Structures are given as structure tokens and as C-alpha cells.
1. Using the Cβ atoms and a cut-off under 12 Å, what net charge is assigned to the surroundings of residue 243, where Lys and Arg are +1 and Asp and Glu are -1?
2. Rounded, prolate or oblate: pick one for region 111-228, where a ≥ b ≥ c are the square roots of the eigenvalues of its C-alpha gyration tensor, a/c under 1.5 means rounded, and failing that, prolate if a/b is larger than b/c, else oblate.
3. By how many degrees, 0 to 90 and rounded to 10, does the Cα axis of helix 176-193 deviate from the longest principal axis of the chain?
4. Order 141, 229, 278, 58, most accessible first, counting only protein heavy atoms with a 1.4 angstrom probe.
5. Need the C-alpha centroid separation for region 330-392 versus region 232-306, integer Å.
6. How many nm is it between the label spots at residue 160 and residue 39, if each spot is 7 Å from the Cα in line with the beta carbon?
7. Express in nm, to one decimal, how much length is gained between residue 151 and residue 275 on full extension, taking 0.36 nm for each residue of separation and deducting their alpha carbon distance.
8. What size of dipole, in debye to the nearest 20, comes out for the chain about its Cα centre when the only charges are +1 on Lys and Arg C-beta atoms and -1 on Asp and Glu C-beta atoms?
Amino acid sequence: MARTKNQAWSYNAGERGENWCRAFEKCRGGIIMLEWFEMPQDEHGKPVRDPETGKPVRIKTRESLGHRDRDKAEIAAKEKAKALRDGSATARVTSLRQLFDRYLKEVSPNKVQTTRIGNARAAKIFLAYLQDRADKGEKERGPERHPSTLDKADWTGFIAARRDGKITGWPRRCRNTQIRGDLKFVVAVLNWASGADESAPYFLNRNPWRGERRRVQQMVMPKEKDPRRPGISDEQHAALLRHSPDWRFALVAVLCRETLHRGNSVRQLRKVDIDRDRNRIRWPGEYDKTGRELVSPLTPEAVRALDSAPTPPVLSPWLIPSEQDPSQPVSRGVLANWMRQAKKAAGITEEYVGFHAYKRAGVRTEEFRKLTPKVQEQLTGTSHEILREVYDEVPYEVLQLAMEILANQRRMA
């Protein structure tokens, strides 16, 4: 846009922070100059960063056009802006669809299988949502748009459409937990593309959904008000063991129940982590959510389960090895399939009853509540804050007993 009233003429082309270029008169009616920012790159094609701030270095460059023709200057500014766009690292990614494809090919393969599947699914859903908007006449909001153009309207619109099941090909209504996972994937892709990680490539000069921008614009991640977090009862546990499809499933179930640890931590135990002389389990920090190495005692029930487990025909370092590849622990996907089979055979129809339900059930017992916070953290490998916020849930029977105690106190008074 040009400005001429009471000041020297100037014209801006391109986008701020992307490929901005300005044509301007040094003085009113004088020779016209071009001004733009260059971002030097290293030998790997990544931007050179300031060692103090860590931000990409931007160098302002100017050159004289050698004439006073404003029309020609506007054309020159537009051509320079286009050249800056085509010659920058951001030119390697021109659309959201292309960016998702690169992420799925270059980043997702390094993740576990369940995460890879989730990434691919989230990408399809978000692109389908954008395609729906394009089909409804909003072509500028389709999947072929540049990633830097995402805004708050895309955030809130996706949440509403996903919650109501109004995305083509994905008609099922979703709870906030699923929507949150989909949005986290998009945020992860944008962080990766904008070089938030020093080891990542650099495709975006500006992340449109960066954390501070989301906070300022109140782009809040959806959160369940009343999440479904059931525990597992003794009767359900016994029924699952009766219908266990494999000894590995039964061993994981018992150890989850007896150790109050997550199934993912249990399945990645090595044989060397079990100290049978002192009946202890060592929980390696590399496989635990807290990142801390912990030690907890083995209960008699856990010892019996370990003693009754068969010895695999092929030697493996893992306590619960994969049947197909003994060099690897049993996978989360296999355990999840076994849980579905056992629940169906046992007639358990309650949703969200799985290996994690063992930990929830143990944390909610009266005996566990009486332990000090530090002991609770050491036993479960979970911070006390998370134990209270996520796992703890007051059973109705406890509330009923509390009301009786209060009523008795009133009568005595």
C-alpha cells in the first residue's frame, strides 16, 4: 500500500516476517529505494541464529532503483517479495497438506507404532475439516493454503466440527480428550516446521499457533469436565484372568495391579530389573513417565505371578518379550488387542477399563490415601499433584460414610 499525504511516498509488498519488501523515496520526490530483510542460512539450509537470543538473524538490506517512477517501483517491490518467498526455506513447504506429508514421512517414523497411527489419523481429520470449508465456498481456508495462515477461527471451528461429528468421513461425535489429541498433533507439526527444536528443519518464519499467541487469543485446549476414569474391581480382575488370551497378558495385569504402575512401564521391564533375592523391582527412568529411576517391593501375589510365568523358548532380555520378536518387549498394540478379547469373553462392557484402570483402583483405596505423599510418589512413579488431579476419585461409599459421621456429630452436639 502506498502513502503520499504529507510524507515521502512508500509502498509495501509481501508479508511482515515472511517476504516483506518496501519501496520508498529517500525524500519527497527523490530517488526511490528498495528495502527488505534477508535471513542468512548455514550449510544445512537452516537460518543462522543469534547466539544470545537463539532467534534467526535478520539483516536489513537496501538498494537504489536509480529512478523516481513510482509505478515501476511498485512492480520492483512485488518482484522482490516473490523472489524472497521463492528463495527462502519456507518455499520448500507451500501448503498445510504438503507440510503434514513431510512430517509423517520424516518425523512420525521415529515414533512408536500407536503414535504413528494417531499422527496419520489426526492429519487426515484436520485436512478433511479444511477441505469441507473450501467446499463450502471458503477456498482461502482449504488444505492448500500456507501453514502460516492458520488462525483462531480454524482452531475454534475445528473444535466445534469435531465435537458435533460434522467433518466429512468422520461423523462420530468426539469428546474433548480426542479433540485435544488432534490439536496437539497440529501444534507439534507447526513447532517442528518453525524450528522450535534446534535439530528440526525450518519451514515457517512464524508459528501461527505458538504458545504465547494461543494464550493471548484464548485459544484453549478442550478439556474434559467429567472425564471417564474408572477403576477395575476385584471381580473384573478375576474374570479377565480366567479369560486371559496369553500368559503375557495375565502377567502384565497382575503386575499392574500389584505395583500400581502403568502398563507401559510394566511391559518394558527387563529381567535384570527383577531382584528375586530381595523381592524388588527397579523401574528404569528411561521407560518411566517421570524420568526417575525408582525401586519398589514385590508383593507375594506378584512373586507368584512371576514364578508361574513360562520360560520362553527363545532367550530374551525382556521380562515380557514379544512373541514375534523376542528382542523387543510385548507391544502396546498387542496388549490392547488382548484386553479387548478378554473383556469381551468376560462380559465386561464398561468403557475405559484397561491396564490403566488397575492403577486408578489402587490409588483410590483408603489404605493408599493414608500414605504420605512422598511414599505415594515412590510407589507409583507419579507426582502427588497428578495422583490427586487425575487418578484420585472419591467413591460414593466414602461420601456416604462421611455424611453418616457428620450426622452423628450433629446429633451428639
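The values are calculated or read from the model by the stated rules, or taken from the named source; none is laboratory data. These numbers come from a predicted model, not from an experiment. Counting neighbours? That spans all protein chains shown, and the Cβs are built from the backbone with ideal geometry, glycine included. Note: areas computed on protein heavy atoms with side chains; ligands, DNA, RNA excluded. Shrake-Rupley method; radii C 1.70, N 1.55, O 1.52, S 1.80 Å.
1. Here the count lands on +3.
2. Rounded, because the longest to shortest axis ratio a/c is under 1.5.
3. With both axes taken from Cα atoms, the answer is about 50 degrees.
4. These residues rank, largest area first, as 278, 58, 229, 141.
5. 12
6. Going from the residue 160 label point to the residue 39 one covers 3.3 nm.
7. Between residue 151 and residue 275, full extension yields an extra 39.2 nm.
8. 1180
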